[in-house]
Amino acid sequence: MKVSMKRCAVMLIVVFLLLPLTGCWDRRELNELAIAVGLGIDKVGERYRVTAQVVQPSEVATSKGSAGYSTPVTTYRASGVTIFEAIRKMTTISPRKIYAAHLRVVVIGEELAREGIAEALDLLSRDYELRMDFYVIVAKETKAEDLLELLTPLDKIPASKIYNSIQVSEKAWAPVSAVTLDMFIRDYESKGKNPVLSGIKATGNEEKGKQKSNVEKLQPDARLRNNGLAVFRYDKLIGWLSEEQSKGYNYIVNRVKSTVGHVPCPSGDGNIALEIIHSKSRMKTEVRNGKPKLTVDLRVEENVGEVMCQADLTEKSVIDALEREAEQSLRDIIERTIKTGQEKFHCDFFGFGEALHRSNLRVWKQMENDWEEHFVDASITVNAKVVIKRTGTVDNSFIVDKER
C-alpha cells in the first residue's frame, strides 16, 4: 500500500513537472500569418473601411543586389459595421489571417477624425494581441487607405517610414508629436487636457506614388510628409496647428529635444541660426480674483549653428544680444500658440487644467465642469531664459575675418 502511494505521488510530481514543457498552446507559424505593420481606418457612410498594410517577407528579405518582382508590402481592404468584422472579413481576399501584433502606425482618415474616433479605437485598446506602442496619426486632407498605398524610398515598408520619420522629426525638428494609443486615451479621459495627434500628408501625384516606379526615381512622384499637429476636443478633430504652432505646443508641454531657429543679427544685415540642444519647460496655473493665470517657464540652451552676417561672436555684448533676441522669439511663439488655443479652438489641449488640478484641487473642483470657458479668458505669462553655450569650432565667421 505504501509502495503504491509512493508511486502515485511520483507520477503526480512527474505530471506537474511536464506541464511547463508542453509548449505554447496558442502558437502560430509565420507562414500562417499576414503580418500587418500599418492599419488605416476610414468611415464610408455608416460602415468602417479598414486597410491593412501587410509585409511580403520574400520581398523585404531580398538579398542584396537582387531585384524583387513585386512590392515589399501589399494592402488588404474590407468594410464592416465594426472594425473587428472588417478585419476578419479580409480573410475572403487574403490567404492568411491578418496578424496585427506588430503594428507600427494606425492612420485615421480626416473625415472620420472630425466625426469622432473613440469608437474606432476601442478594438485597438481591447484586443489582447495588440501592443500599445504604435503611433496614432491623422491623414490630412485625404483618406487613410490612400496614404497606406504609397510606396516610399529608403524605407521599403511605408508604415516603418512613417513611424521612423515621426521619431526623427520629433527629436531633431520638433513640429510633430509621437503619440501612442495609451497616451491618446489618457488625454481623452482627462478633464484638464484635450488630445493632439500628428498629421501626415501626401505630396505629389498619389496615383503614381502607388506604383513601384515611385521608388525607382531620384525624385519620387509622391512622398509622405509630416504635417503639423491635429487638435481634438475629446475624440473629435477640430483643427490643425501650423508648423510654428506645433513647435510652440511642444515647447509648452516640454517635448522639445532639439530643433533649429534663427534670430536677426545685432547689426540687422542678416540672420544667425541657433540650434536648441536642451529645453526644459514648466507650466503653472493659478487663480487670482476668480480668473486663471497661465504661466510657462522655459529654459533653453543653444549653440550657434550658422552665421550669415558680420557679427563678432567673441564680444560678450553680441552674445547677450543674441540671447535676448532668442528669448523674445520664443515668448512670441508660445504666446501665439496659446492664443490660438484660446481664440481659434476655445480648447485647452496643453494641459493647463491638469496643472491647476495638481496645484489646487479645491479650485479645480469648482472650475472643472466649465474649464474651457475659464481657459479662454485666462491671462498669459511666458518667462523664457536662453543661454548660448557654444559658437562652433570657430569664434567668428570667415566673412568677418575677410572684412577685417
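Figure legend. Inter-residue proximity from the range 363-385: first residues outside the structural domain of F352 (by TED's automatic domain parsing), second residues open to solvent by 20 Å² or more (accessible area, probe 1.4 Å), beta-carbon distance below 9 Å, spacing 6+ or different chains. No pairs are indicated.
Please state which one of K201, K208, K217, K161 is among the charged types (D, E, K, R), in a loop (DSSP other than H, G, I, E, B) and over 10 Å from the mean Cα position of the chain (by Cα). Talk me through it step by step, then tell me what you get.
Working: K201 fails: in a loop (DSSP other than H, G, I, E, B); K208 fails: in a loop (DSSP other than H, G, I, E, B); K161 fails: in a loop (DSSP other than H, G, I, E, B).
Within the list K201, K208, K217, K161, the selection yields K217.
Would you check if R288 is out of contact with any Lys or Arg (no Cβ under 6 Å at 6 or more places or on another chain) and not polar (S, T, N, Q)? So R288 fits the description; yes.
Determine whether the range 286-293 contains at least one residue that is in contact with a Phe, Trp or Tyr (Cβ under 8 Å, 6 or more places away or on another chain) and in the same structural domain as E368 (by TED's automatic domain parsing). Walk me through how you get there before you give the answer.
Here is the first cut: in the range 286-293, the residues in contact with a Phe, Trp or Tyr (Cβ under 8 Å, 6 or more places away or on another chain) are 292.
Then drop every residue that is not in the same structural domain as E368 (by TED's automatic domain parsing), which leaves 292.
Yes: one or more hits.
Of the residues P195, P175, P220, the single one that is in contact (Cβ under 8 Å) with a residue 12 or more places away in the chain, touching a strand residue (DSSP E or B) at 6+ places or on another chain (Cβ under 9 Å) and over 24 Å from L294 (Cβ atoms) is P220.
Scanning the range 229-253 for residues that are in a strand (DSSP E or B), touching a Phe, Trp or Tyr at 6+ places or on another chain (Cβ under 7 Å) and open to solvent by 10 Å² or more (accessible area, probe 1.4 Å) turns up just one, I238. Kindly indicate whether M90 is assigned to a loop (DSSP other than H, G, I, E, B), closer than 23 Å to Y163 by Cβ and not acidic (D, E). No: the conditions fail for M90.
Within the range 179-191, being more than 17 Å from E119 (Cα to Cα) and modelled with pLDDT of 95 or more holds for one residue alone: V179. Taking every residue in the range 321-346 that is open to solvent by less than 80 Å² (accessible area, probe 1.4 Å) and pairing it with any residue that is of a type in the set (D, E) and not in a helix (DSSP H, G or I), at least 6 positions away or on another chain, the pairs with Cβ-Cβ distances below 7 Å are A326/E302; G341/D348.
The values are calculated or read from the model by the stated rules, or taken from the named source; none is laboratory data. All figures in this text were calculated on a predicted structure; none of them were measured in a lab. Every residue, glycine among them, receives a Cβ derived from its backbone with ideal geometry; neighbour counts consider all protein chains shown. These accessible areas exclude ligands, DNA and RNA; they are computed on the full protein's heavy atoms, side chains included. Shrake-Rupley method; radii C 1.70, N 1.55, O 1.52, S 1.80 Å.
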